[in-house]
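**Q** This is the structure I want to talk about, given as structure tokens.
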Amino acid sequence: MLVPGALALAACTGEAEPAESPATPDPVIARALNDPLMVDPDLAYRNQAAAALSTGVDHALPVLSGNATMARRARDEMRLALLEDGSILDLPDMAEGEEGVSLAGIHNAEQMAITHGAPEDCAKQLRAGFIWAARLDDAASLMPFGHVRAAAGAEDANCSIRAVSYLTAAEGEDALLYHYNLARRAELDTDVFATPELALTGTSEDVRLAVNIREGNDAMRVVDLIYWKTPQ
């Protein structure tokens, strides 16, 4: 194919320049240019009305919505994931008083962490980035089919902290059961609360875990998780 410049030259001279044979493309570059684009539905969400974390992101991806079928699937996958490493512990009786901590009115990772007792100097180091959701210890793993919508973290010699907000189609108590079992397997002293939100706290000498679960939009549950360790 002749480029426009070559056509113009031919018009002036009366002779057409032969087109050069295209060079063989680098296979890596060819894949990058020609392979289909992929999007990650785990990063899609409707809004942040119930979020403890908020970040500026593009809302172009599809809206996530749940239903009874998705709730059962999430529950089944959650139980299978837990059974791979042992039996599943039942939830203990949950406190009915206002002993838990609500995150419904908190809209940034720093305040979320401080509300759950994280050191303020460490919480101030939190930086947004979805990569932090992949850098969680087993005690704070996300549920199967969990859709991450915001994440923040920090890691240095003096501060190791993660804050993640994700959506699940699972019922709230199923999500709580999952995080309760992970916390117990990590040998954390664990408490669960029914109000003001479904919530869990887990502690050890050098670890603190907090999980809050509440109703979100479109039949989804919002799970906000904060996890930090005292550097050794």
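**Q** For region 164-208, what are the residues that are in a loop (DSSP other than H, G, I, E, B), within 16 Å of Ser87 (Cα to Cα) and under 22 Å from the mean Cα position of the chain (by Cα)?
**A** Ala186
**Q** Return the total of residues in region 177-224 being touching a Phe, Trp or Tyr at 6+ places or on another chain (Cβ under 7 Å) and over 20 Å from Asp90 (Cα atoms).
**A** Looking only at that region, the number is 1.
**Q** So if I check each of Ala219, Ala134, Ala175, which one is surrounded by fewer than 17 Cβ atoms within 10 Å (Cβ to Cβ) and closer than 17 Å to Arg75 by Cβ?
**A** Exactly one of Ala219, Ala134, Ala175 is surrounded by fewer than 17 Cβ atoms within 10 Å (Cβ to Cβ) and closer than 17 Å to Arg75 by Cβ, namely Ala219.
**Q** Step by step: first the residues of region 209-232, then only those that are among the small types (Gly, Ala, Ser) and part of a loop (DSSP other than H, G, I, E, B), then the one that is nearest to Thr69 (Cα to Cα). Which residue is that?
**A** The extreme case among them is Ala219.
**Q** Find all pairs meeting these conditions: Cβ atoms under 9 angstrom apart; at least six residues apart or on different chains; first residue within region 187-208 and aliphatic (A, V, I, L, M); second residue part of a strand (DSSP E or B) and open to solvent by 50 Å² or more (accessible area, probe 1.4 Å).
**A** From residues that are aliphatic (A, V, I, L, M), the pairs are Leu188/Arg208; Ala199/Asp191; Leu200/Asp191; Val207/Lys229.
**Q** Taking the conditions exactly as written (open to solvent by less than 60 Å² (accessible area, probe 1.4 Å), in contact (Cβ under 8 Å) with a residue 60 or more places away in the chain, closer than 14 Å to Leu200 by Cα and not small (Gly, Ala, Ser)), does Leu82 satisfy them or not?
**A** no
**Q** Also: Just to be sure I understand the filter: pairs with C-beta atoms under 6 Å, separated by 6 or more residues or on different chains, first member in region 141-156 and touching a residue at least 60 places away in the same chain (Cβ under 8 Å) and under 19 Å from Leu200 (Cβ atoms), second member buried (at least 20 other Cβ atoms within 10 Å of the Cβ) and among the polar types (S, T, N, Q). Which pairs pass?
**A** Pairs that qualify, where the first residue is touching a residue at least 60 places away in the same chain (Cβ under 8 Å) and under 19 Å from Leu200 (Cβ atoms) and the partner is buried (at least 20 other Cβ atoms within 10 Å of the Cβ) and among the polar types (S, T, N, Q), are Met143/Thr168; Gly146/Thr168.
The values are calculated or read from the model by the stated rules, or taken from the named source; none is laboratory data. All figures in this text were calculated on a predicted structure; none of them were measured in a lab. With ideal geometry, Cβ positions are generated from the backbone for all residues, glycine too; neighbour counts draw on all protein chains shown. These accessible areas exclude ligands, DNA and RNA; they are computed on the full protein's heavy atoms, side chains included. Shrake-Rupley method; radii C 1.70, N 1.55, O 1.52, S 1.80 Å.
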